[in-house]
Every structure is written in C-alpha cells, then in structure tokens.
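Please treat every number below as a calculation from the coordinates, not as lab data. The structure displayed is predicted, hence computed values, not measured ones. Virtual Cβ from ideal backbone geometry, glycine too; neighbours counted across all protein chains shown.
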Amino acid sequence: MRAKLAAALMLAAVSSSARPRVPKNMPEADALLARAFAFPEAGCVARGRIQFFRRDEKPKGLGTVVYTLPDGRLRREIHPRGPSKPAALVIVDDGREQTLHIPKPDRFWTGRMERESAAVAIARLKSIYEISVSTGGRVAKRRTWRLDFRAPNGPLRRTFWVDRESGLLLKTETYRYDGAVARRERLLRLETPAAVEPGLFALTASSGAAAKPLIPPDRLVSFDVPVRFPRWSPLGFLALDARGANRGVNIFYSDGAANYSVFEGPTDADSGLNEKLGREVRLKDGSSARLLPAGDGAALVRRSAAGTLFVVGDLADEELVHVADSLGAAR
C-alpha cells in the first residue's frame, strides 16, 4: 500500500511540475487585441524581416523598415537585399490616403482605401477564430504575450506576438491548413520613442508623372463583362490585371512576393476547389461564405442567387473576409 501511495504521489508531482505556469497578470484576449491594434503613442522606427515559406522551395526573405508617428502616419519600406540597400517598394499612409512608390522605375499609385475602426477589425477576428493567450518568449529582446487564432475546432491559422510593455505587435505568423508556416513577419530592432522626420511621409514623383489610382475605377473588361474592384486590399498589394474568365471577371493582385485573385461570375462558376472542406463564415452584408484550403494558400467562396465570389491566394482568413466585405453584396 505504501509503495502504491508513494508512486501515486510521485506521478502527481511530475504531472504538476509539467504543467505550464500561467502568470497571474496574463491579460484577456480582448485587452491584448485592443493594445495590438492601437497606434504607437510615440515616434517609432522598426527594422524587421518578412519570410515566405512554400512547399519544395527555399524560404524567401525581405527586409523591412517601418516609421510611425503618434498622429497615425505610417511609412513602410521593403528592401529585398536588406535594410541597408535601396527600397524596392515604399508605402505611406497618412490616415487619409495611401501611396505606393516603386523607385525603379519611378511609379506611383495613390488613393483612399476603405477605413474601419480597430473595434470592427477585432470583431472580425473574434467572429472567425477561437482566440487564446499564452506567454510568447522574447521578440526583438522584448517579453511578449502570444495570441493564437484557430479555426473553430480546427487548425491554427494565425499567431501574434505582442510586447508586454508597449502593446506593439512585434511578430506575426500565418499557417497553411497542414500546420506549416506560410508567412512570418518579425521585428528585429525597435526604436521607440524615436525622432522621425515628418518629411518621410510626403511622397512625390521625381519624374513628375501623375500617380495612378490605387483602387482602379469600376469598368468593363473584354466581352463587356463588368468589373468592380474591392475597396480594401492588404497593405502593399496592387491590382495588376483584370480580365474576363469563366463567364465572369478575374482580378490579379500582388505585392511583389505574395499574390491573390478576386473572381466574380455566374452562380455555377467552377472554383476548382473542394468546397466541402473548410468552414462557414458570415460576411458583413449577412451573406454566408466558406473558408477553405487552396494549394499553399486559402480561399473564400461565396455563392448566392446573384452570383459567385472567389477570393484565393496568399492571405490570412481575416484578410480574405475583409476583401469580400469591401465588395459588399453580390450583384
């Protein structure tokens, strides 16, 4: 009896010590999300790296430098060969308009993206994910909290690492449906507060060429097929092409490293995907859509009596839903 009791006590001790200790001050998910979506309270300069992971390919990495001011202005530079090399893409958002500049060749796009509050963005995350909080280790030499975003009763789709002191979002990862990392963005060095030159947020074309619209005007494409462009796209993405396809229209977007497409067409249009997979989500207009795997990426499919919408590519689930929401109801 004593031997059995001793063994039971030893097992209980091992089990107890193996359990992760939950800090008493661990924040609730809502509070942590509110801090992560808030703009920095002081000037900030952050240097980081973006990595893309595709099956059977070597990881691709890009350098980034981000400047922010407390009034909401943001400048993000993409450096393919490291932050010390010239930027290949510069994005400036002054809170009213967004401007994209490709220095070589000297090209500009500018316009107003659809804006939404942090509360709306957080509500979208909560509507499509199960969210949990845990300790996150160190990022950029700062202690973090970790937010995991899972499809309900399904795979991990996103993770955020948030600075415990400032609330700054220091790292994000997006995962494929098989659990592998698809994209990672991480800050390596952070300077805050920092003296940020306001002139960095004013972009003008050195060639004097007129800027193109960031969101092209809705129009007709080949065979008189009407095309309407989403009023929101993830930071840095441009509509590169729009053409008639599958009795509808397909718009191709890219930021130079990642891609996605938006298709609108007839109710019986073929997605080429197994639409029985994935899960159902509710869009802002009240319509129903499905989120499902699509190769290395993901897709949103909405079918209604008015037509079909496919948003497919290298986007996170909430980005797919945001693009669809910015289109509004099917027509």
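What's the ranking of 93-99, 150-156 by average number of surrounding C-beta atoms within 10 Å, highest first? The partial results should precede the final answer.
Numbers: 93-99: 15.9, 150-156: 13.3.
Going from most to least packed, we get 93-99, 150-156.
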- Query: Sorted by packing (mean other beta-carbon atoms within 10 Å per residue), highest first, where do 135-146, 160-171, 117-128 land?
  - Reply: 160-171, 135-146, 117-128
- Could you check the simple spin-label distance between D270 and D241, using points 7 Å along Cα→Cβ, in nm with one decimal? 2.1
- Message: If I stretch the segment between A329 and K104 completely, what's the gain in nm (0.36 nm per residue apart, minus their alpha carbon distance), one decimal?
- Response: 77.2 nm
- Message: Looking at the chain, I'd like the Rg to Rh ratio, where Rg is from alpha-carbon atoms and Rh is Kirkwood's inverse mean 1/r.
- Response: 1.02
- Message: Could you check the spin-label model distance between D94 and T204? Points 7 Å from the Cα along Cα→Cβ, value in nm.
- Response: 1.2
- Dipole in debye (nearest 20) - region 29-201, about Cα centre, beta carbon charges: Lys, Arg +1; Asp, Glu -1: 740
- Hey, what number do you get for the chain at 222 nm if only DSSP H runs of n ≥ 4 count, each worth -39500 (n - 2.57), divided across all residues, to the nearest 500? -4500 deg cm²/dmol
- Rounded if a/c is under 1.5, else prolate if a/b is larger than b/c, else oblate: which is region 215-327, with a ≥ b ≥ c the root eigenvalues of its Cα gyration tensor? rounded
- What is the gain in length, in nm to one decimal, between E185 and E57 on full extension, counting 0.36 nm per residue of separation less the C-alpha to C-alpha distance? 44.2 nm
